[in-house]
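Single-structure report; data block below.
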Amino acid sequence: MRKTTLLGLILGVLALPAWAQNKIEFKEFTLDNGLHVIMHQDNTTPIVVTSVLYHVGSKNENPERTGFAHFFEHLMFEGSENIGRGEFMTTIQGRGGTLNAYTSNDITYYYELLPSNELELALYMESERMLHSKVDITGVETQREVVKEEKRQRIDNQPYGSILTETLARAYTVHPYRWAPIGSLEHLNAATIEEFQQFYKDFYVPNNATLTIAGDIDYAKTEDLVRKYFSEIPKGAKEIYRPNVTEPKKTAEVRDIIYDNIQIPAVIQAYNVPPRNHPDSYAMSMLSTYLTGGNSSLMTKELVDKQQKALAVAAIPLELEDGGLFLMYGIANMGVEAKDLETEIDKLLKQVQENGITDEDFAKLKNQIENDLVSSNSTIAGVAENLAEAKVIFGDTNYINQVMDQFAKVTKADIQRVAKEYMNLDGRVVLYYLPKSAQPATE
């Protein structure tokens, strides 16, 4: 049997990559009502993050009532039977905490960051949100105005603000991903209070939720508190609705022009890609980083710095549970036509498809990915969110410790292969964003 010295152990650890040295430890259990609970202890700082991930997003909505999930993200800050209207935020902030939430096509996520001695407060308030949020006329009317204002600021009056909405509408024909989480204000205005209340009863239930507590905690005491505040919440009365729809593969390019309140043209390209948990998603993520991830990326160097045809370029993998989009956009430089910019983007895509990437670029790419993954778990809030998504999206909480292993399997050939397979020019969406001044006059 080989004898291992202390120095040998230390050198062995130092030889490991950063992601392998930072294994995230956790404990988990499930209550009788279906609520899954994940706990992560980190006593280095006296703070705790409490989060609840509800497995409901815009894809779970009725096509005639879009925007409900995003609307509820706002509505569930209104208060509950035991928390006064507007007191959710003031209470958390008054105890030195911060809080926020977001909605995507797949999930709704709430969290609070507080001093660790306020853990019980956070658990109480999240249990109130789950058990009996206020879903009444006053709250609905208030949040309708909030959502209207958000849409005006972020989409209607924001240059290029409608890119996601316009792209989704063309990239999907049958799947509910075809509308953005903001949804339709007309649908929200037409909905009855009973429809809002039913949506709450259907989706914001313990068997559709994952509670994560990360930070300066004691495992046994935290579990006792969770059981104290969440065990009484009844399980949802019916099966959670999940759309069972497969988006057909596109065989023809969809091309359109959007006239917007802008001065400079933009080119948007969208390619349908597999579900988020598909093995090819790792190569696609690395491809996006190679193309536009940072100042030294291929398209940034070529189109922004060298040719100066673009002010900015970005490749964003919109990773979705049932199949997402590889979304690319370029904002043209002054005097550059959208068509010219598109031609150059396509040349670079073809270059990767035909030639792949160099050993040097691949080594740099792996370092970038590793750094990004380590950074994503560098805060307690990041760890809490990644633990929850590992369980809900990938079906295994320990995926948080395995994700780098998946990226490590990706080869140069894989990146070239997925570029060929998914960046199909015949089955993509191409949008030109042009200034309204360029719009032809109608007769």
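The values are calculated or read from the model by the stated rules, or taken from the named source; none is laboratory data. Since we're looking at a predicted model, the values are computed, not measured. A quick note on method: Cβ atoms are made from the backbone with ideal geometry, for glycine too, and the neighbour counts reach across all protein chains shown. Remember, those area values only see protein heavy atoms, side chains included, never the ligands or the DNA or RNA. Shrake-Rupley method; radii C 1.70, N 1.55, O 1.52, S 1.80 Å.
Residues that are touching a strand residue (DSSP E or B) at 6+ places or on another chain (Cβ under 7 Å) and closer than 16 Å to Met299 by Cβ: does region 342-365 have at least one?
Yes, region 342-365 contains a residue that is touching a strand residue (DSSP E or B) at 6+ places or on another chain (Cβ under 7 Å) and closer than 16 Å to Met299 by Cβ.
Would you check which residues across region 124-139 are among the hydrophobic types (A, V, I, L, M, F, W, C) and surrounded by fewer than 22 Cβ atoms within 10 Å (Cβ to Cβ) and list them?
Listed by number, the residues that qualify are Leu131, Val135, Ile137.
Residue-wise test of (1) touching a helix residue (DSSP H, G or I) at 6+ places or on another chain (Cβ under 7 Å); (2) free of Cβ contacts under 8 Å to residues at least 24 places away in the same chain.
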site: Arg178; (1), (2): yes, yes
site: Ser184; (1), (2): no, no
site: Leu225; (1), (2): yes, no
site: Glu239; (1), (2): no, yes
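Every residue in region 392-443 that is assigned to a loop (DSSP other than H, G, I, E, B), of a type outside the set (S, T, N, Q) and under 30 Å from Gln263 (Cβ atoms), please.
Once the filter is applied, which keeps residues that are assigned to a loop (DSSP other than H, G, I, E, B), of a type outside the set (S, T, N, Q) and under 30 Å from Gln263 (Cβ atoms), region 392-443 yields Met423, Arg428, Pro440, Ala441, Glu443.
Output the number of the condition that Thr167 fails; it satisfies all remaining conditions of (1) modelled with pLDDT under 95; (2) part of a helix (DSSP H, G or I).
(1)
Looking at region 90-104 only, could you name the residues that are surrounded by fewer than 22 Cβ atoms within 10 Å (Cβ to Cβ) and closer than 21 Å to Asn60 by Cα?
Residues satisfying the conditions are Ala101, Tyr102, Ser104.
Restricting to region 298-323, and then to whatever is of a type in the set (Gly, Ala, Ser) and modelled with pLDDT of 90 or more, can you tell me which residue is surrounded by the fewest Cβ atoms within 10 Å (Cβ to Cβ)?
Filtering region 298-323 for residues that are of a type in the set (Gly, Ala, Ser) and modelled with pLDDT of 90 or more, the one surrounded by the fewest Cβ atoms within 10 Å (Cβ to Cβ) comes out as Ala312.
From the list Val48, Val52, Val37, pick out the single residue that is modelled with pLDDT of 95 or more, touching a strand residue (DSSP E or B) at 6+ places or on another chain (Cβ under 7 Å) and over 26 Å from Asp202 (Cβ atoms).
Testing whether each residue is modelled with pLDDT of 95 or more, touching a strand residue (DSSP E or B) at 6+ places or on another chain (Cβ under 7 Å) and over 26 Å from Asp202 (Cβ atoms) leaves just Val48.
Looking only at region 366-401, count every residue that is among the charged types (D, E, K, R) and over 17 Å from the mean Cα position of the chain (by Cα) and tell me the total.
3
Can you say whether Ala363 is small (Gly, Ala, Ser), surrounded by fewer than 21 Cβ atoms within 10 Å (Cβ to Cβ), in a helix (DSSP H, G or I) and under 16 Å from the mean Cα position of the chain (by Cα), as far as the supplied structure shows? Walk me through how you get there before you give the answer.
Details: small (Gly, Ala, Ser): yes; surrounded by fewer than 21 Cβ atoms within 10 Å (Cβ to Cβ): yes; in a helix (DSSP H, G or I): yes; under 16 Å from the mean Cα position of the chain (by Cα): no.
It is false that Ala363 is small (Gly, Ala, Ser), surrounded by fewer than 21 Cβ atoms within 10 Å (Cβ to Cβ), in a helix (DSSP H, G or I) and under 16 Å from the mean Cα position of the chain (by Cα).
Residues that are under 21 Å from Tyr54 (Cα atoms), at least 1 per element: which strands (runs of 3 or more DSSP E) completely within region 185-294 meet that? Quick ask: steps written out before the conclusion?
Numbers: elements: 209-215, 254-260, 266-272.
Those strands (runs of 3 or more DSSP E) span 209-215.
Scan region 399-413 residue by residue and report those that are open to solvent by 40 Å² or more (accessible area, probe 1.4 Å) and either closer than 20 Å to Lys364 by Cβ or among the charged types (D, E, K, R) (or both).
Selection gives Asp405, Gln406, Ala408, Lys409, Thr411, Lys412, Ala413.
Just the residues that are touching a residue at least 40 places away in the same chain (Cβ under 8 Å) and loosely packed, with under 13 Cβ neighbours inside 10 Å, please, taken from region 324-338.
Of everything in region 324-338, just one residue is touching a residue at least 40 places away in the same chain (Cβ under 8 Å) and loosely packed, with under 13 Cβ neighbours inside 10 Å, namely Met334.
Inside region 194-242, can you point out the residues that are more than 13 Å from Asn33 (Cβ to Cβ), within 28 Å of the chain's Cα centre (by Cα) and of a type in the set (A, V, I, L, M)?
Scanning region 194-242 gives Ile213, Ala214, Ile217, Ile240.
Go through (1) over 29 Å from Phe394 (Cβ atoms); (2) at pLDDT 95 or above; (3) surrounded by 15 or more Cβ atoms within 10 Å (Cβ to Cβ) for Ala69 and report which single condition fails.
Of everything listed in (1) over 29 Å from Phe394 (Cβ atoms); (2) at pLDDT 95 or above; (3) surrounded by 15 or more Cβ atoms within 10 Å (Cβ to Cβ), Ala69 misses just condition (1).
Can you report the number of residues in region 246-271 which are surrounded by 15 or more Cβ atoms within 10 Å (Cβ to Cβ) and more than 25 Å from Arg154 (Cβ to Cβ)?
Final tally of qualifying residues: 2.
Working only within region 373-391, note down all residues that are surrounded by fewer than 14 Cβ atoms within 10 Å (Cβ to Cβ) and assigned to a helix (DSSP H, G or I).
Ser375
Consider Asn295 against the criteria (1) modelled with pLDDT under 95; (2) open to solvent by less than 70 Å² (accessible area, probe 1.4 Å); (3) more than 30 Å from Asp396 (Cα to Cα): it satisfies all of them except one. Which criterion is unmet?
In the conditions (1) modelled with pLDDT under 95; (2) open to solvent by less than 70 Å² (accessible area, probe 1.4 Å); (3) more than 30 Å from Asp396 (Cα to Cα), Asn295 misses (2) alone.
Can you tell me which residue among Thr173, Thr192, Thr142 is out of contact with any Gly (no Cβ under 9 Å at 6 or more places or on another chain), of a type in the set (Ser, Thr, Tyr), open to solvent by 30 Å² or more (accessible area, probe 1.4 Å) and without any contact (Cβ under 8 Å) to a residue 40 or more places away in the chain?
Of Thr173, Thr192, Thr142, the one residue that is out of contact with any Gly (no Cβ under 9 Å at 6 or more places or on another chain), of a type in the set (Ser, Thr, Tyr), open to solvent by 30 Å² or more (accessible area, probe 1.4 Å) and without any contact (Cβ under 8 Å) to a residue 40 or more places away in the chain is Thr192.
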